[in-house]
Amino acid sequence: MTERFDVIVVGGGPAGIAAATAAAQRSERVALVDEGAAPGGQIWREGIHAKPIRAAKIRKARLAASSVQHMWSTSVVDAKRDRDGFILLAEGEREPIVLRARSVVIATGARERFLPFPGWTLPNVVGVGGVQALLKAGMSVRGKRVVIAGSGPLLLPVAASLSKAGARLGIVAEQAPFASLARYAASLWRSPGLLAQAAQLRASFLGTRYATGTWATGAEGDARVERVTVTDGARSRSYDCDLLCVAFGLTPNIELARLLGCEIQRGSVAVDDAQQTSVPDVFCAGEPTGIGGVDLALVEGEIAGASSVGGKATAEQQGRRSRLRSYAARLDASFALRAELRSLATSETLVCRCEDVRLGALQPTWTSRQAKLYTRAGMGACQGRICGAALEFVFGWSSDSVRPPILPARVSSLIATAPPSSGEHSPSGVS
Amino acid sequence: MAQTIAITVNGRAMTVEQGTTVAAAILTHGAPSFRESPSGEVRAPLCGMGICFECRVTIDGVAHRRSCMTIARAGMSVVTATPE
């Protein structure tokens, strides 16, 4: 099946929803594609029980009422430019879908940063946003002993959600030192709403210690995690737990942007004031342009969507984006990762979970490409999405270029773009 | 009263609320064992959002399906790599 559009928006979280809706104001041929079963991405994922956020409800309703053609449970695995625009190869639940458009908006969001430590591969060791996603997807934590250890503003709302869902929180450990957090809180004086929100969240799990300058050094257990040890650098303490949530902030999903040749700066997609990337007619909005939260994702999406169909950002949008970007910059500095986190893993600790590569098998002097060739680290199903950020933090290795398919794909999908007719490009990277 | 549906995991019946993913169903009602790593370690979901591929199980005969991205449907038959 091949379909032609003016714009294809890849990613149905806040940025993608905003972009598609904005583009639909000027074009009736806008598509929105997302891997998930429903709109919202991660942060606006509708929980099985939770009440939807008002802003999310309004924006999703606007999307539903628009002419945007949305495709859920659809993963983009390859993309290239041809003389008419772009061809995107996607996989639905059963069949390949070939999509063509004059412009593309990349709104692929972010994933969590995981760092290896002894025991991190035990069952029931999950991410922080990860446990939130699982909760929304129907997982029960009632009566379960849970420990959260990691970094970032996500720790607070997730602790609150877990508490509300009946979990028994042992401790919430933030690796950033108290001084950094105090400075961050102080910088929020301009947004009293955010401060009030933070206080409210903290209040919902007052019985649990929220420790700063504290991090997990190891998890133990037989067939699943049973215990975690945390330290503040001076003293260590162990907590029995059924579920351990450990993640260190977010990192952009930029694989599709790389595949299309977009310039990447410091791990984010470079965009101009119209949210256009270095590749003409490819736009980017939300976390891939730099981790900045939902409100920034929304305004960037609005601007990208408008730009993709020949419109322009309004003065209000420009002002809003500017304010939100400076908030995002402060976030980065406050939750910088401490040096101790680089040496948690021992030589026996697995770094690449897909291919079971231990830290000891990797030479610090290698590049990530050499690691792939000599040990298969980064060559597994996740294509280095999990170990990549860790290896960058531990060894300073930067990510390689990407090759299609950018997600494991069915052979039938790859065959779908094999050229029978003239004028079409042959699929690249199929070996 | 929320609508429930029934699936089987490794031959065992499981009743879950409509809208639950296969991963959430297994983590709630079963043992946290989804996949076996190359060196034989038992694995369960890490990222919860389709990135890590640790949650892969066989669903209705199709292998390597990310259970955290798959909504449970009535009558679904799930097989994990390491049945309890």
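The values are calculated or read from the model by the stated rules, or taken from the named source; none is laboratory data. This is a predicted model, so every value here is computed, not measured. Cβ: placed from backbone, ideal geometry, glycine included. Neighbour counts: every protein chain shown. Surface areas here come from the heavy atoms of the whole protein model, side chains and all, with no ligands, DNA or RNA. Shrake-Rupley method; radii C 1.70, N 1.55, O 1.52, S 1.80 Å.
Taking region B:25-84 as the search range and keeping residues that are in contact with an Asp or Glu (Cβ under 8 Å, 6 or more places away or on another chain) and among the hydroxyl-bearing types (S, T, Y), which one is surrounded by the fewest Cβ atoms within 10 Å (Cβ to Cβ)?
Restricting to residues being in contact with an Asp or Glu (Cβ under 8 Å, 6 or more places away or on another chain) and among the hydroxyl-bearing types (S, T, Y), the top hit is B:S39.
Examine region A:315-325 for a residue that is of a type in the set (K, R), at pLDDT below 95 and surrounded by 13 or more Cβ atoms within 10 Å (Cβ to Cβ), and state whether such a residue exists. It would help to see each step written out before you state the result.
Taking region A:315-325 and keeping what is of a type in the set (K, R), we get A:320-321, A:323, A:325.
Checking the rest, the ones that are also at pLDDT below 95 come to A:323, A:325.
Narrowing the set further to residues that are surrounded by 13 or more Cβ atoms within 10 Å (Cβ to Cβ) leaves A:323, A:325.
Looking for residues that are of a type in the set (K, R), at pLDDT below 95 and surrounded by 13 or more Cβ atoms within 10 Å (Cβ to Cβ), one finds at least one in region A:315-325, hence yes.
If A:V141 meets every condition in (1) under 30 Å from A:A19 (Cβ atoms); (2) in contact with a Gly (Cβ under 7 Å, 6 or more places away or on another chain); (3) within 11 Å of chain B (Cβ to nearest Cβ); (4) open to solvent by less than 20 Å² (accessible area, probe 1.4 Å) apart from one, which number is that one?
(1)
Of the residues in region A:299-314, how many are of a type in the set (A, V, I, L, M, F, W, C) and open to solvent by 10 Å² or more (accessible area, probe 1.4 Å)?
At the first step, the residues of region A:299-314 found to be of a type in the set (A, V, I, L, M, F, W, C) are A:299, A:303-304, A:306, A:309, A:313.
Retained after the next criterion (residues that are open to solvent by 10 Å² or more (accessible area, probe 1.4 Å)): A:306, A:309, A:313.
Residues flagged as of a type in the set (A, V, I, L, M, F, W, C) and open to solvent by 10 Å² or more (accessible area, probe 1.4 Å) within region A:299-314 amount to 3.
From A:P153, A:P123, grab the single residue that is at negative phi, within 14 Å of another protein chain (Cβ to nearest Cβ) and in contact with a Phe, Trp or Tyr (Cβ under 9 Å, 6 or more places away or on another chain). First the steps, then the outcome.
Numbers: A:P153 fails: within 14 Å of another protein chain (Cβ to nearest Cβ).
Of A:P153, A:P123, the one residue that is at negative phi, within 14 Å of another protein chain (Cβ to nearest Cβ) and in contact with a Phe, Trp or Tyr (Cβ under 9 Å, 6 or more places away or on another chain) is A:P123.
Please specify each residue of region A:199-230 satisfying the condition of being surrounded by 15 or more Cβ atoms within 10 Å (Cβ to Cβ), free of Cβ contacts under 8 Å to residues at least 40 places away in the same chain and within 14 Å of another protein chain (Cβ to nearest Cβ).
A:E226
I'm trying to understand the selection: among the residues of region A:327-352, which are of a type outside the set (A, V, I, L, M, F, W, C), in a helix (DSSP H, G or I) and open to solvent by 60 Å² or more (accessible area, probe 1.4 Å)?
As a first pass, look at region A:327-352 and keep what is of a type outside the set (A, V, I, L, M, F, W, C): A:327, A:330, A:332, A:334, A:338, A:340, A:342-343, A:346-349.
Checking which are in a helix (DSSP H, G or I) leaves us with A:327, A:330, A:332, A:334, A:340, A:342-343.
Those that are of a type outside the set (A, V, I, L, M, F, W, C), in a helix (DSSP H, G or I) and open to solvent by 60 Å² or more (accessible area, probe 1.4 Å): A:R330, A:D332, A:E340, A:R342, A:S343.
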